[in-house]
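Engineer: Here it is: the structure, laid out below.
The values are calculated or read from the model by the stated rules, or taken from the named source; none is laboratory data. Worth saying up front: this structure is predicted, and the values here are computed from it rather than measured. Every residue, glycine among them, receives a Cβ derived from its backbone with ideal geometry; neighbour counts consider all protein chains shown.
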Amino acid sequence: MENEKTFPCSHCRRLLPASEFYINHRTQQRDRYCKSCRQEINRRNRKRASIKRTDKFPQEEAHDIFKEEDKVRRLCLILGAKCVVRERIRRKRRKQAEDEFNSEDEL
């Protein structure tokens with residue numbers, strides 16, 4: 001341990017031995033952050049991402065179309081949902097056609 005080379009963590013700025021850093025398996029390079037800082041950063045990023053997901057897709061909005069009293073607004077919501085479904089079906093069919101084409105090429 002005494003002969004082990006030390007590196008600075010880019011987050012906490014402490015000088016730590018190489019064993020305190022994760023190794024990227026693709027590049028075989030040492031991480032810029034020490035293990036404890038990397039865990040803290042990942043935890044914070046996961047929490048932030050989960051907050052964004054819940055803000056982006058609130059669970060209660062699935063039934064707004066049926067609860068809407070205003071007929072014009074309800075019609076707009078229905079037409080918007082119809083466009084979303086149509087686009088998803090179009091993408092799915094395109095992907096299926098590409099998969100079939102690629103599987104024919106492999107034969």
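Engineer: Quick check on my filter: what residues within segment 50-78 are at pLDDT 85 or above, loosely packed, with under 10 Cβ neighbours inside 10 Å and not in a loop (DSSP other than H, G, I, E, B)?
Structural biologist: K71, V72
Engineer: If you scan segment 1-33, which residues turn out to be in contact with a Phe, Trp or Tyr (Cβ under 9 Å, 6 or more places away or on another chain) and free of Cβ contacts under 8 Å to residues at least 12 places away in the same chain?
Structural biologist: L15, D31
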